[in-house]
1. Residue pairs, Cβ under 7 Å, 6 or more apart or interchain, first in region 48-68 and in a helix (DSSP H, G or I), second surrounded by fewer than 17 Cβ atoms within 10 Å (Cβ to Cβ). List them.
2. Between a residue in region 159-179 that is without any contact (Cβ under 8 Å) to a residue 60 or more places away in the chain and closer than 19 Å to ALA41 by Cβ and any residue that is surrounded by fewer than 19 Cβ atoms within 10 Å (Cβ to Cβ) and not small (Gly, Ala, Ser), which pairs come within a Cβ distance under 6 Å, given they are 6 or more apart or on different chains?
3. Could you look through region 22-49, keep only residues that are closer than 16 Å to ALA176 by Cα and of a type in the set (Gly, Ala, Ser), and pick out the one that is nearest to the chain's Cα centre (by Cα)?
4. Regarding THR73, is this residue in a helix (DSSP H, G or I), surrounded by fewer than 18 Cβ atoms within 10 Å (Cβ to Cβ) and modelled with pLDDT of 85 or more?
5. Would you be able to tell me the number of residues in region 161-183 that are within 23 Å of the chain's Cα centre (by Cα) and surrounded by 16 or more Cβ atoms within 10 Å (Cβ to Cβ)?
6. Assess whether SER88 counts as being at pLDDT 85 or above and of a type in the set (Ser, Thr, Tyr).
7. Scan region 79-116 for residues that are surrounded by fewer than 14 Cβ atoms within 10 Å (Cβ to Cβ) and more than 24 Å from VAL38 (Cα to Cα) and report the count.
8. Kindly list the number of the only condition in (1) touching an Asp or Glu at 6+ places or on another chain (Cβ under 6 Å); (2) over 30 Å from LYS166 (Cα atoms); (3) not basic (Lys, Arg) that fails for VAL84.
Amino acid sequence: MKKWIGLGCLAALAVFVLVFAVFVMGSYNSLVTLDQGVKSAWAQVENDYQRRFDLVPNLVETVKGAANFEKDTFTAVTEARSQVGKMSAAGADKLTSDPEAFKKFEAAQNGLSSALSRLMVVVEKYPDLKATQNFRDLQAQLEGTENRIAVARMRFNEAAQAFNTKRNRFPTVVIAGFFGSKFAEKAYFSAQAGAEAAPKVKF
């Protein structure tokens, strides 16, 4: 009799361990899937920011040709672009999982947005510049890029929210804790004060 009871306990324990293992595997795989979704969304954010980053030198040179004495404005854009370059060197995992690093990255990008807006104000003084085909092409690219950035940021926030929601639900939060920083919470982009949409550039 004791033998059967012992075998029954072992069988129950084996079933429990199996069910627990299946649950852990399922939770882990779900987190991996959502984490990859965040990384994919982040890659698009970086791609669109890179597009703007690459556009800046041509834009500055085009405006500088007609407004070569607006040195303070050009310096501000150059310095903001340099700061963005430094922050972009950090890896995706570092930026999306470290709220402090993420805030610095976002601040650098917002700084470049502000500098570009100031540059565009300069253009208002030069109607001949606004009439050139090269500038109009750059204008269209900048507007399109800002819209892409806004969409990419929104999609990243959606992916981060899906990940964080899954990660912080019990008992998945316990499973995530076993893996340390691998499944750390993701940071979110926040709107700039008074800017609910992509920066509007007026020419």
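1. Pairs that qualify, where the first residue is in a helix (DSSP H, G or I) and the partner is surrounded by fewer than 17 Cβ atoms within 10 Å (Cβ to Cβ), are LEU55/GLN141; THR62/ASN134; ALA66/TYR126; ALA66/ASP128.
2. ASN164/GLU185
3. SER30
4. So THR73 does not fit the description; no.
5. Total satisfying the criteria: 7.
6. No: the conditions fail for SER88.
7. Of the residues in that region, 2 qualify.
8. Exception for VAL84: condition (1).
The values are calculated or read from the model by the stated rules, or taken from the named source; none is laboratory data. All figures in this text were calculated on a predicted structure; none of them were measured in a lab. Note: ideal-geometry Cβ built from the backbone for every residue, glycine included; neighbour counts use all protein chains shown.
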